[in-house]
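Below is one structure, written out as structure tokens, with a few remarks after it.
Every number in this text was worked out from the coordinates using simple rules, so none of it is lab data. Everything numeric here is computed off the predicted structure, so don't read it as measured data. Here the Cβ positions follow ideal geometry from the backbone for every residue, glycine too, while neighbour counts run over all protein chains shown.
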Amino acid sequence: QVQLVESGGGLVQPGGSLRLSCAASGSIFRLVAMAWYRQGPGKERELVARITSGGTRIYADFVKDRFTISRDNVQNTVYLQMNSLKPDDTAVYYCNVFVQTNLYGTTGDFWGQGTQVTVSS
């Protein structure tokens, strides 16, 4: 199994910044992709940003030019730098990893517990 520990959420004023972190540990042979999703009040969970092991990044349109996803392949950690935050960014943010767990190609999809981000004055 793979465990994910998220940190960095909190309350911030509109226009402010936060940095989320998610550290993965456990049965990890290769971290294929790491991503952040979010779920706002009364909304479905949606992809925010994703980064592959090769460094390819994709972003949701609503966060382009404001959020940056990055990863530390040594520490098995993914980050989400969030700038110019808006009240609409208020949500629980979830870390997601797609992992190859052994030499034989077994893969798994794992989720963090979520961290609350609240943007309000």
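With +1 assigned to the C-beta of every Lys and Arg and -1 to the C-beta of every Asp and Glu, and no other charges, what is the dipole magnitude of the range 10-121 about the Cα centre in debye, to the nearest 20? Walk me through the numbers on the way to the answer.
Numbers: 11 positive and 8 negative charges, 27 e Å.
For this selection, approximately 120 debye.
At most 10 other Cβ atoms within 10 Å and a DSSP loop assignment: could you name the GluC sites (Glu not before Pro) in the range 1-108 that fit?
Working: sites: Glu6, Glu44, Glu46; in loops: Glu44.
Here the sparse-neighbourhood loop sites are Glu44.
What relative contact order, as a whole-number percentage, does the chain give when Cα pairs under 8 Å and 6 or more residues apart are counted?
Dividing the mean separation by the residue count of the chain yields 36 percent.
Which of Gly15, Thr68, Val5 sits closest to the plus end of the dipole of the chain, meaning its Cα is farthest towards the positive end, when Lys and Arg get +1 and Asp and Glu get -1 on the C-beta?
Farthest along the dipole direction, towards plus: Thr68.
Mind listing the long-range amide H neighbours of Val32? Cut-off is under 5 Å, sequence gap 5 or more, other chains count too, H placed in the peptide plane at 1.01 Å from N.
The list, which skips near neighbours in sequence, is Phe98, Val99, Gln100.
So for each of 83-93, 61-71 I average, over its residues, the number of other beta carbons within 10 Å; can you give me the resulting order with the highest mean first? Write down the numbers at each step before the final one.
Numbers: 83-93: 16.9, 61-71: 15.3.
Peptide ranking by packing, descending: 83-93, 61-71.
Which label belongs to the value computed from this structure, given these candidates for Rg and Dmax of the Cα atoms in Å: (1) 14.1, 48; (2) 13.3, 40; (3) 14.2, 51?
It is the one labelled (3).
Amide H neighbours of Phe67 under 5 Å, counting only residues 5+ apart in sequence or on other chains, H built in-plane at 1.01 Å?
Sorted by chain and number, the residues that satisfy this are Asn83.
Quick one: net charge around Arg57, please, counting Lys, Arg +1 and Asp, Glu -1 for every other residue with C-beta under 12 Å from its C-beta.
With Lys, Arg at +1 and Asp, Glu at -1, the net is +3.
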